[in-house]
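Derivation of every value follows stated rules applied to the coordinates shown; laboratory data play no part. Every value quoted in this text rests on a predicted model; they were computed, and no experiment measured them. All Cβ positions, even for glycine, are placed from backbone atoms using ideal geometry, and neighbour counts span all protein chains on display.
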């Protein structure tokens, strides 16, 4: 299986609004694309980067073609929505891993 990992460092001032948006809007929109089969959403406890909070959304995808479909058809609009809502109050790091 392939995992699409999104690590998000957010400013504490936006945590509650951002968290509500992630749980009620963004993650459901990502899952509604049909590209992913499951997800896990967690908060990083260690190591802590002072002044920010870190959350990780890990989406399970069956194969690279579904991930590419997500990149091509859905990611640009979803990413733009997060920028429009929260500006520069967050930093995102994306990675892709594969189970061995």
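As a proxy for reagent exposure, 70, 39 were ordered by neighbouring Cβ count within 10 angstrom, fewest first; the result is 39, 70. The rule of thumb for compact globular proteins, 2.2 N^0.38 Å, goes into the C-alpha radius of gyration of segment 2-98 1.06 times.
Between helix 75-86 and the chain there is an angle of about 10 degrees, using the helix long axis and the longest principal axis of the Cα atoms. Protection proxy ranking for 3-9, 22-28, using the average of other Cβ atoms within 10 Å per residue and placing the highest first: 3-9, 22-28.
Segment residue 16..residue 77, full-extension length gain: 19.7 nm, with 0.36 nm per residue of separation and the alpha-carbon distance subtracted. Placing a pseudo-label 7 Å from each Cα along the Cα-to-Cβ vector at residue 41 and residue 85 gives an inter-label distance of 0.9 nm.
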